[in-house]
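Undergrad: So that we are looking at the same thing, I have put the structure below in structure tokens.
The values are calculated or read from the model by the stated rules, or taken from the named source; none is laboratory data. Model, not experiment: these values are computed from the prediction. Cβ placement follows ideal geometry from the backbone for every residue including glycine, while neighbour counts extend to all protein chains displayed. Heads up: the accessible areas ignore ligands, DNA and RNA and are worked out on the full protein's heavy atoms, side chains in. Shrake-Rupley method; radii C 1.70, N 1.55, O 1.52, S 1.80 Å.
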Amino acid sequence: MTIPSTQYTIEQLARLGNEIYFNELSDKLEKDHYGEYVVIEVDSHKYFIGKTFKEALDKAIAKFPDKIFHSLRIGDIKKFSKSSLSNHVWFLGA
Amino acid sequence: MCGFLVHNRVYLPIEVFGFSEKLRRTFNAQIDTGFDGYLTLPLTEAFPLGLILHTTQQITLADGSNVTDLVCYGTILFNHHKVMCPINISPGNILLGMSFLRDIKSEFNIDFKNNRFCFK
């Protein structure tokens, strides 16, 4: 069994993923895949789309089983200033 | 297999584990038809299960704010169903979402008279 890992902190991973999304992907993906899910591998900038989150994540894991990704729903978040994105790490209950 | 109603909320007993079934634990999960994923677990409940982290996920909350969840892969056991799926690590209640209900392909009925619900 492969255990995925990352060199980044959670905040770095989320920020890099969001930057890739807004700088490279949002225009083309929101036109044709609005409401679907995208999973981004931040080192290669490769991305995987699915109608469901599980579908997109399964594709990403199949390609990069040792990586940890960043994911979001296409069109769900708007482009805020960099300081407002991924500053709030939810899982800690903060 | 039946769940139960408490204060107009529907709860279902499930088992969850990560890389080893030996780590499985039982939870009473609230069904949330407004959640389109599979399962959310608070961090303290997730740690002992051996869940494997696969992705961060940017989520927009109802108030418009953005937060970052962790998402692991794990297995949910319910009745004779075994669902391998993404599990969101989020504070708050343990919630079962529509993706889980869709995957088990069952019909469920809520019996308000006896405060329980069952899957067919």
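Undergrad: Mind checking which aspartates and glutamates have their Cα closer than 13 Å to the Cα of A:Lys67? Skip sequence neighbours fewer than 8 apart in that chain.
TA: Answer for A:Lys67, where 13 Å is the Cα cut-off: A:Glu41, A:Asp43, A:Asp58, listed by chain and number.
Undergrad: For A:Lys46, go through the aspartates and glutamates and keep the ones whose alpha-carbon is under 12 Å away, minus same-chain ones fewer than eight residues off.
TA: Output for A:Lys46: A:Glu24.
Undergrad: How much accessible area is lost when chains B and A come together, counting both sides, with a 1.4 Å probe, in Å² rounded to the nearest 100?
TA: Numbers: alone 7260 and 6280 Å², together 10970 Å².
About 2600 Å² of accessible surface is lost on pairing.
Undergrad: Another question, then. What does the highest-first list of B:108-114, B:30-36, A:13-19, A:3-9 look like by mean Cβ count within 10 Å? Intermediate values should be presented prior to the final figure.
TA: Values: B:108-114: 11.1, B:30-36: 14.9, A:13-19: 22.7, A:3-9: 12.7.
Packing order, densest peptide first, comes out as A:13-19, B:30-36, A:3-9, B:108-114.
Undergrad: I've got another one for you. Hey, got the average number of other protein chain Cβ atoms within 10 angstrom for residues in B:63-74?
TA: Details: counts 0, 2, 4, 13, 8, 17, 6, 7, 7, 0, 5, 0.
Rounded to a whole number, the mean comes out at 6.
Undergrad: At 222 nm, what value in deg cm²/dmol follows for the protein assembly as shown if DSSP H runs of at least 4 each add -39500 (n - 2.57) and the sum is divided by all its residues, to the nearest 500? Display every interim value, and only then the final one.
TA: Values: 5 runs with 40 residues, N = 214.
Roughly -5000 deg cm²/dmol at 222 nm, from the helical runs in the protein assembly as shown.
Undergrad: Give the total of Lys-Lys pairs in chain B with Cα-Cα distances below 26 Å; include a pair only if its members are 8 or more places apart or on different chains. Before the final figure, lay out each step's value.
TA: Numbers: B:Lys22/B:Lys82; B:Lys82/B:Lys105; B:Lys82/B:Lys120; B:Lys105/B:Lys113; B:Lys105/B:Lys120.
Close lysine pairs found across chain B: 5.
Undergrad: Something else about it: Would you tally the net charge around B:Leu39, using a Cβ to Cβ cut-off of less than 14 Å, leaving B:Leu39 out, and scoring K and R as +1, D and E as -1? List each step's numbers first, then the result.
TA: Values: positive: A:Lys54, B:Arg24, B:Arg25, B:Lys82, B:Arg102; negative: B:Glu15, B:Asp32, B:Asp36, B:Glu45, B:Asp69, B:Asp103.
Net charge around B:Leu39: -1.
Undergrad: Related question: Provide a list, ordered by number, of residues in the range A:44-64 showing at least 30 Å² less accessible area with every protein chain present than when their chain is taken on its own, using a 1.4 Å probe.
TA: The answer is A:Phe53, A:Lys54, A:Leu57, A:Ile61 - residues whose exposure falls by at least 30 Å² when every protein chain is included.
Undergrad: In addition: Please report the base-10 log of the normalised intensity I(q)/I(0) for the protein assembly as shown, using a Debye sum with one equal scatterer per alpha carbon and no solvent, at each q in 0.10, 0.12, 0.13 (1/Å).
TA: With no solvent term, the Cα-only Debye profile gives -0.44, -0.63, -0.74.
Undergrad: Sequence gap at least 6, Cα distance under 8 Å: using those rules, report the relative contact order of chain B to the nearest whole percent. Show your work: numbers first, answer last.
TA: Working: 260 pairs, mean separation 38.1, N = 120.
Averaging sequence separation for qualifying contacts and normalising by length gives 32 percent for chain B.
Undergrad: Another question, then. Whose amide H sits under 5 Å from the amide H of B:His54, counting only residues 5 or more places off or on another chain, with H placed in the peptide plane?
TA: B:Val71, B:Cys72, B:Tyr73
Undergrad: Hey, got the Cα dimensions of the range B:8-120 along the principal axes, in Å, largest first?
TA: Largest to smallest, the principal-axis extents are 40, 39, 23 Å.
Undergrad: Residue-wise, which Karplus ³J(HN,Hα) couplings in Hz belong to the range B:96-103, taking 6.51 cos²θ - 1.76 cosθ + 1.60, θ = phi - 60°, and x for glycine or proline?
TA: Result, rounded to whole Hz: 9, x, 5, 5, 5, 4, 5, 5.
Undergrad: Please state, rounded to one decimal and in Å, the Kirkwood hydrodynamic radius that the range A:1-71 gives when every pair of distinct Cα atoms enters the mean of 1/r.
TA: On the way: mean 1/r = 0.0812 Å⁻¹.
Final number for the Kirkwood radius of the range A:1-71 is 12.3 Å.
Undergrad: Residue separation times 0.36 nm, minus the C-alpha to C-alpha distance between B:Leu43 and B:Phe108: what's the value?
TA: 20.5 nm
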